[in-house]
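The values are calculated or read from the model by the stated rules, or taken from the named source; none is laboratory data. Note that the coordinates shown come from a computational prediction; the quantities given were computed from them, not determined experimentally. For neighbour counting, all protein chains shown are included, and Cβ atoms are generated from backbone atoms with ideal geometry for every residue, glycine included.
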Amino acid sequence: MKNLKLPFTDACYEMTEPKVQRHGDVALLTFHLVNYGKLPNRSESVLGRWNSTEISCRSDGKWKIIHSHWSYIRPEVKQQGS
């Protein structure tokens, strides 16, 4: 993995609309994630958008993520000639 060459540079991420729902020693976090980066010969742009869910459980006074789910949000398709 350390020799892996990514097709983009300057990666950064933005978490939006976080919501936490706690039920005793279990918590559910939902949020949207947008990742940005620079492709060769281009300025910074959105590389992907995701819907995300993480479930955490408190054990021995410490919270630990026990499950994560990520769903890619397909970009809008622009119609031509409409």
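Points to keep in mind about this one:
- Failed criterion for Pro75 (all others in (1) loosely packed, with under 11 Cβ neighbours inside 10 Å; (2) farther than 26 Å from Ala27 by Cα; (3) over 15 Å from the mean Cα position of the chain (by Cα) hold): (3)
- Residue check for Leu29: modelled with pLDDT of 95 or more and touching an Asp or Glu at 6+ places or on another chain (Cβ under 8 Å): yes
- Qualifying residue in the range 34-50 (condition: surrounded by 12 or more Cβ atoms within 10 Å (Cβ to Cβ), acidic (Asp, Glu) and in contact with a Gly (Cβ under 9 Å, 6 or more places away or on another chain)): yes
- Condition broken by Ser56, with the remaining ones in (1) farther than 25 Å from Arg74 by Cβ; (2) loosely packed, with under 14 Cβ neighbours inside 10 Å; (3) among the small types (Gly, Ala, Ser) satisfied: (2)
- If the condition is being of a type in the set (Ser, Thr, Tyr) and modelled with pLDDT of 90 or more, then the range 46-82 contributes Ser52, Thr53, Ser56, Ser59, Ser68, Ser71, Tyr72.
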